[in-house]
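What follows is a short report on a single structure.
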Amino acid sequence: MDEAGKGAVLGPMVVAAVCCHTEDECSRLGMRDSKTLSPARREELFALVERHFITAVVIMTPPEIDRCLEETTINVCLARAHAAVIQELRPEKAFVDAVDVIAARHAETMRRFMDWDCTIISEHKADRSYPVVGAASIVAKVIRDREIEGLRRQYGDFGSGYPADPATREYLEQYMREHRSPPPFARKTWKTVTGYLNSLQQRELNEF
C-alpha cells in the first residue's frame, strides 16, 4: 500500500494497494518508487499492474479529508484508508509505507479499523524497499495525476496542488481574492487556505 497527495492543498488523496503472490512478480516487471519514474514510464507500469495484479483504490476528496480532520489527524485518516484497501484485498501479509513517525504505531492504528487479521509490515520509505509497494505508489500517483488533470480542465492551471508550488499558491490567492472563498477542490482545513482567508479578512477590515 501507498498513497499520493497526502500533503497537497488542492485535489484528492489517493490510497492504492496491489496484491501479488510473491514479491518477485513485481520486481521482474520493474516496479519501483513512482517518484523515481517519468510520467510516461509510470503510465507504462500502471498498465502492467492492471494487466497482472488485483488492485484496490480509495480516493479521498478534499471535503472527505476535511470531515475526517474534524474528528482526528491526517495519519489516522490514512490508517483508516489503508485498512480499507486491506479489507478489500484480504491478503496474508501487507506491506505499507508508514506515515506515522513511529512505523509500528501506524500498523497498530490500521488494525483498529480492520476485521481481517494479517501480518502488517509497516516501514518508512517502503516504496523504495519493496517492489510491491513501489507498484502501489505507481497506481496511486497515476490515478491522482488523472484526477488533477480533470480538475485543471475544469478550473484552469493551478500547478501541482502542493503548498510549496508557487503556481499553486498564486492560483489560491487569486481565486480567494476574487471569490472570497477557497476553490471547491481545496482542503479547507489546510493552513495554506486558512492563512489566506485570515489575511484576506484582515485586509478587508483594514480597508473598512
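The values are calculated or read from the model by the stated rules, or taken from the named source; none is laboratory data. Keep in mind that what you see is a predicted model, and the values were worked out from it rather than measured. Quick reminder, even Gly has a Cβ in these numbers, built from the backbone with ideal geometry, and neighbours come from all protein chains shown.
The table below gives the values:
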{"item": "Enumeration of residues in the stretch 72-105 that are over 15 Å from residue 125 (Cα atoms) and β-branched (Val, Ile, Thr)", "result": "72, 73, 74, 76, 85, 86"}
{"item": "The stretch 142-170 - residue that is at pLDDT 95 or above and among the basic types (Lys, Arg) and, of those, farthest from the chain's Cα centre (by Cα)", "result": "153"}
{"item": "Verdict on residue 48 being out of contact with any Pro (no Cβ under 7 Å at 6 or more places or on another chain) and either more than 20 Å from residue 128 (Cα to Cα) or free of Cβ contacts under 8 Å to residues at least 40 places away in the same chain (or both)", "result": "yes"}
{"item": "Unmet requirement for residue 11, which otherwise passes all of (1) touching a Gly at 6+ places or on another chain (Cβ under 6 Å); (2) modelled with pLDDT under 95", "result": "(2)"}
{"item": "Helices (runs of 4 or more DSSP H) fully within the stretch 33-127 counting 3 or more residues that are closer than 30 Å to residue 191 by Cα and of a type in the set (A, V, I, L, M)", "result": "74-89, 103-111"}
{"item": "Pair list, Cβ under 6 Å, 6 or more apart: the stretch 72-98 residue touching a residue at least 60 places away in the same chain (Cβ under 8 Å) and under 16 Å from residue 56 (Cα atoms), other residue in a helix (DSSP H, G or I) and of a type in the set (Asp, Glu)", "result": "97/127"}
{"item": "Residue, farthest from residue 9 (Cα to Cα), within the stretch 185-199, restricted to residues that are touching a helix residue (DSSP H, G or I) at 6+ places or on another chain (Cβ under 9 Å) and without any contact (Cβ under 8 Å) to a residue 40 or more places away in the chain", "result": "199"}
{"item": "Residue within the stretch 137-147 that is in the same structural domain as residue 33 (by TED's automatic domain parsing), among the hydroxyl-bearing types (Ser, Thr, Tyr), surrounded by 13 or more Cβ atoms within 10 Å (Cβ to Cβ) and part of a loop (DSSP other than H, G, I, E, B) present", "result": "no"}
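Yes/no matrix, rows are residues, columns are (1) touching a helix residue (DSSP H, G or I) at 6+ places or on another chain (Cβ under 7 Å); (2) closer than 13 Å to residue 133 by Cβ:
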residue	(1), (2)
30	yes, no
34	yes, yes
44	no, no
61	no, no
71	no, no
83	yes, no
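Okay, residues lined up against (1) surrounded by fewer than 14 Cβ atoms within 10 Å (Cβ to Cβ); (2) modelled with pLDDT under 95; (3) within 24 Å of residue 33 (Cα to Cα); (4) of a type in the set (Lys, Arg):
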position	(1), (2), (3), (4)
102	yes, no, yes, no
117	yes, yes, no, no
126	no, yes, yes, no
129	no, yes, yes, no
